[in-house]
């Protein structure tokens with residue numbers, strides 16, 4: 001009975017194990033990350049960006065501090081005449097004083113803190129923009145390395161085919177052994193090139209995974225293409241206007257400029273000193289002698305005290321001067337940054353146009369004819385019409401031109417990345 005139950009359980013368990021084993025590769029395939037997922041993971045897990053996000057707590061604390069009122073002061077006072085021979089005399093006082101902020105200083109400090117928090121938010125957005133640019137650039141570097149790896153694999157395959165042809169022709173007595181040796185050299189050279197490209201790919205992926213903040217040993221597959229069929233449908237003037245309206249670094253400087261105005265207003269209000277008001281309760285005990293009889297007299301008083309510094313020498317002239325200087329510096333930086341943004345957009349736009357021109361030369365004139373020339377050369381050598389050096393030269397030309405085409409695609413993608421970062425807008429729609 002027990003054996004039968006065990007056998008039934010085993011029969012039910014085996015399909016479950018097989019199901020798990022067969023589903024593992026499917027799970028692994030789902031780990032392929034496209035560029036949007038890579039960027040999203042980087043924005044969430046990048047160490048430097050996460051560290052800067054934590055600094056928001058510092059700005060929040062500054063805003064909290066700006067809204068707090070000064071703490072009241074407790075005053076205690078006591079005296080005795082025991083040390084001076086008047087033990088019957090003593091006094092005691094207890095009081096509370098409070099500083100009152102005049103000229104709306106509390107509200108103005110809160111305004112300064114809010115402007116500081118607003119500038120921080122735009123600084124964070126600018127760091128995210130910069131990280132997007134870096135991640136996209138490294139992503140396309142990895143795509144270029146992968147495409148070069150595929151191109152090298154084809155080079156190896158063609159060289160192997162060429163070696164087989166030379167072996168057949170050598171066996172038939174059509175060619176000397178030197179030609180077969182040349183084919184072997186070309187095959188070895190292409191295999192060495194593959195090793196170098198594979199090493200470069202691993203290094204590029206390591207950089208990408210560092211940006212993504214992945215733990216050591218976690219290496220998900222990435223999927224993408226160098227040719228995404230992108231077309232630029234905005235002119236330079238529109239892109240400049242987008243950049244001036246969207247760039248977070250400009251908005252951060254504009255927020256700093258607003259904070260400078262708030263600093264000046266606060267510094268000017270600091271010329272008016274604060275008022276301190278205090279309330280005190282006092283008890284005084286004195287001794288007296290009437291007709292040889294000693295007695296005590298106790299008096300209770302309540303007092304109000306007001307105090308305020310006289311702004312005779314220090315009227316916060318230095319604070320106002322410092323606030324104006326900082327505001328002027330921020331305004332100059334904003335003006336320079338605006339010019340630099342327009343220049344960045346112009347440079348990136350020109351780079352995209354130039355990359356498109358270079359790419360069109362490959363697609364319209366070079367690439368279509370390249371494959372046909374290679375096939376004709378291989379067939380001519382097989383028929384004995386040309387020597388092996390012509391085949392080797394044509395294969396080298398094929399892979400050099402193909403690699404140049406991949407480089408042109410990569411350059412176009414990098415130019416688009418630069419342009420999107422300069423405009424701070426996804427050209428296909430959406431703000432970065």
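Each row is one residue, and each column tells you yes or no for (1) over 50 Å from the mean Cα position of the chain (by Cα); (2) modelled with pLDDT of 90 or more; (3) on the phi > 0 side of the Ramachandran plot.
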position: 280; (1), (2), (3): yes, yes, no
position: 294; (1), (2), (3): yes, no, no
position: 315; (1), (2), (3): no, yes, no
position: 318; (1), (2), (3): no, yes, no
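Restricting to the stretch 201-243, name every residue that is assigned to a helix (DSSP H, G or I) and under 16 Å from residue 141 (Cβ atoms). Answer for the stretch 201-243, where residues must be assigned to a helix (DSSP H, G or I) and under 16 Å from residue 141 (Cβ atoms): 201, 202, 203, 204, 205, 206, 207, 208, 209, 210, 211, 212.
Evaluation of residue 425 against the conditions (1) in contact (Cβ under 8 Å) with a residue 40 or more places away in the chain; (2) surrounded by fewer than 20 Cβ atoms within 10 Å (Cβ to Cβ); (3) within 30 Å of residue 43 (Cβ to Cβ) shows that the sole unmet condition is (2). Yes or no: residue 65 part of a helix (DSSP H, G or I) and buried (at least 16 other Cβ atoms within 10 Å of the Cβ)? Against the criterion (part of a helix (DSSP H, G or I) and buried (at least 16 other Cβ atoms within 10 Å of the Cβ)), residue 65 does not qualify. In the set (1) surrounded by 19 or more Cβ atoms within 10 Å (Cβ to Cβ); (2) over 30 Å from residue 398 (Cα atoms), the condition left unmet by residue 85 is number (1).
The residue list 257, 246, 251, 240 contains one member that is in contact with a strand residue (DSSP E or B) (Cβ under 9 Å, 6 or more places away or on another chain) and assigned by TED's automatic domain parsing to the domain that holds residue 349, which is 246. For the criterion of being more than 30 Å from the chain's Cα centre (by Cα) and without any contact (Cβ under 8 Å) to a residue 40 or more places away in the chain, residue 183 fails. Answer yes if at least one residue in the stretch 367-387 is farther than 29 Å from residue 178 by Cβ and either outside the structural domain of residue 257 (by TED's automatic domain parsing) or within 40 Å of the chain's Cα centre (by Cα) (or both), and no otherwise. Yes: the stretch 367-387 contains one or more residues that are farther than 29 Å from residue 178 by Cβ and either outside the structural domain of residue 257 (by TED's automatic domain parsing) or within 40 Å of the chain's Cα centre (by Cα) (or both).
Quick check on the stretch 391-402. Is at least one of its residues farther than 27 Å from residue 145 by Cβ and in the same structural domain as residue 263 (by TED's automatic domain parsing)? Checking the stretch 391-402: at least one residue is farther than 27 Å from residue 145 by Cβ and in the same structural domain as residue 263 (by TED's automatic domain parsing).
Within the stretch 223-243, the set of residues being buried (at least 16 other Cβ atoms within 10 Å of the Cβ) and either out of contact with any helix residue (DSSP H, G or I) (no Cβ under 6 Å at 6 or more places or on another chain) or within 30 Å of residue 334 (Cβ to Cβ) (or both) comprises 239, 240, 242, 243. Just one of the numbered conditions (1) surrounded by 11 or more Cβ atoms within 10 Å (Cβ to Cβ); (2) farther than 30 Å from residue 246 by Cα; (3) free of Cβ contacts under 8 Å to residues at least 24 places away in the same chain is not true of residue 322: (3).
The values are calculated or read from the model by the stated rules, or taken from the named source; none is laboratory data. Bear in mind the structure is a predicted one, so any value in this text is a computation, not a measurement. For neighbour counting, all protein chains shown are included, and Cβ atoms are generated from backbone atoms with ideal geometry for every residue, glycine included.
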